[in-house]
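K.L.:
The structure that follows is given in the form of structure tokens.
The values are calculated or read from the model by the stated rules, or taken from the named source; none is laboratory data. Note that this is a predicted model, so its numbers are computed, not measured. Note: ideal-geometry Cβ built from the backbone for every residue, glycine included; neighbour counts use all protein chains shown. To get the accessible areas, we keep the full protein, side chains included, count just its heavy atoms, and leave off ligands, DNA and RNA. Shrake-Rupley method; radii C 1.70, N 1.55, O 1.52, S 1.80 Å.
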Amino acid sequence: MPPHWPPPAARLRSAAATRPFYGAFLRFLAETGVTVTRAGDCVRLARDPAAPLRGGARLTADAWPAFATDTAPLAAAVLLTAAGESEIYDRLFANRFACAAGFAALGAGCTAQGRRLRIDGGAALHGAAVTAPDLRGGAALLIAALAAEGQTTLRDPGHIPRGYADLPGELHSLGADCTAAHGEA
């Protein structure tokens, strides 16, 4: 992993982080080896970058109260470098994993088949030029790029601000080396 990612600890300052529909995602992060600490309306995420994330996840994304379908591509980005094969199935959206081609361009072993994404895990990601296929997939590619060695260019990022007003700025505030080019999200 690059020395700048992940930051030693990230603190999410938002009441949204403690809403019930994020609980399954926070449990998922804990199962991968991320330390999740709740304090009031904040959630603190931390991990030892020397310890590999744990893969082997079998997730099914669906409507609340299940594992939120909107978080499925983000979970996939986490699992790309995790040790062990993982699989995510999305019951709601047939093309949820359009970001798989971008993951592969970054060096991940993954295959999207309909609603299912299979992830080999243990990838040594590298920079590449990738295209944001949609809002969630674009955000997931940005997260995956932070774990890559080298520079990644995210083309067509215009989808991302619809759901994440200033995702590059928020990630930069947490210590990520992430900037938006003029006129891009």
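K.L.:
Please state the charge dipole magnitude for the chain, taken about the Cα centre, from unit charges on C-beta atoms (+1 on K and R, -1 on D and E), reported in debye and rounded to the nearest 20.
P.N.:
Details: 17 positive and 16 negative charges, 99 e Å.
Here the size comes out at about 480 debye.
K.L.:
Accessible area of the range 82-185 with a 1.4 Å probe: how many percent of it is carbon plus sulfur?
P.N.:
Working: 2410 of 4990 Å².
Carbon and sulfur atoms account for 48 percent of the accessible area of the range 82-185.
K.L.:
Additional query: Taking a probe of 1.4 Å, how large is the accessible area per residue of the chain, in Å²? Present the calculation step by step, with values, prior to reporting the outcome.
P.N.:
Details: 9130 Å² over 185 residues.
Solvent-accessible surface per residue comes out at 49 Å².
K.L.:
Between D120 and R54, take the C-beta separation as r, use R0 = 22 Å, and let me know the FRET efficiency to the nearest 0.05. It would help to have the intermediate numbers written out before the result.
P.N.:
Details: r = 15 Å, r/R0 = 0.66.
Once rounded, the FRET efficiency stands at 0.90.
K.L.:
Another one. Taking springs between alpha-carbon atoms closer than 10 angstrom, which of A77, A39, A140 fluctuates most in the Gaussian network model of the chain?
P.N.:
Highest fluctuation of the listed residues: A39.
K.L.:
Between G122, G150, G56, where does the largest GNM mean-square fluctuation fall for the chain, given springs only between Cα atoms within less than 10 Å?
P.N.:
G150
K.L.:
Would you compute, from DSSP H runs of 4+ residues alone, the mean residue ellipticity of the chain at 222 nm, taking -39500 (n - 2.57) per run and dividing by the full residue count, rounded to the nearest 500? Walk me through the numbers before you get to the answer.
P.N.:
Details: 5 runs with 43 residues, N = 185.
Value at 222 nm, helices only: -6500 deg cm²/dmol.
K.L.:
While we're looking at this one, here's another question. For the range 59-141, what log10 I(q)/I(0) values come out of the Debye formula at q = 0.21 1/Å, with one point per alpha carbon and no solvent?
P.N.:
Log-scaled intensity ratios, in q order: -0.88.
K.L.:
Using 0.36 nm per residue, how much length does the chain from L174 to D62 gain when fully extended, once their Cα-Cα distance is taken away? Before the final figure, lay out each step's value.
P.N.:
Values: separation 112, 0.36 × 112 = 40.32 nm, distance 2.92 nm.
My answer for the length gained is 37.4 nm.
K.L.:
Further question: Springs between alpha-carbon pairs under 10 angstrom, Gaussian network model over the chain: which of C42, C99, C110 fluctuates most?
P.N.:
So, out of C42, C99, C110, the one fluctuating most is C42.
K.L.:
Here's another thing I want to ask about it. Quick check: from the Cα gyration tensor, does the range 29-105 come out rounded (a/c under 1.5), prolate or oblate? Walk me through the numbers on the way to the answer.
P.N.:
On the way: a/c = 2.07, a/b = 1.24, b/c = 1.66.
Oblate, since a/c reaches 1.5 and b/c is not below a/b.
K.L.:
Report the extension gain between Q113 and A129 in nm, rounded to one decimal, defined as 0.36 nm multiplied by the number of residues separating them, less their alpha carbon distance. Walk me through the numbers before you get to the answer.
P.N.:
Details: separation 16, 0.36 × 16 = 5.76 nm, distance 2.28 nm.
Working it through step by step, the gained length comes to 3.5 nm.
K.L.:
If you take mean projected area of the Cα convex hull in nm² from the coordinates, which of (i) 9.1; (ii) 17.3; (iii) 10.5 do you get?
P.N.:
(i)
K.L.:
Quote the relative contact order of the chain in percent (integer), defining contacts as alpha-carbon pairs under 8 Å separated by 6+ residues. Walk me through the numbers on the way to the answer.
P.N.:
Values: 393 pairs, mean separation 34.4, N = 185.
Averaging sequence separation for qualifying contacts and normalising by length gives 19 percent for the chain.
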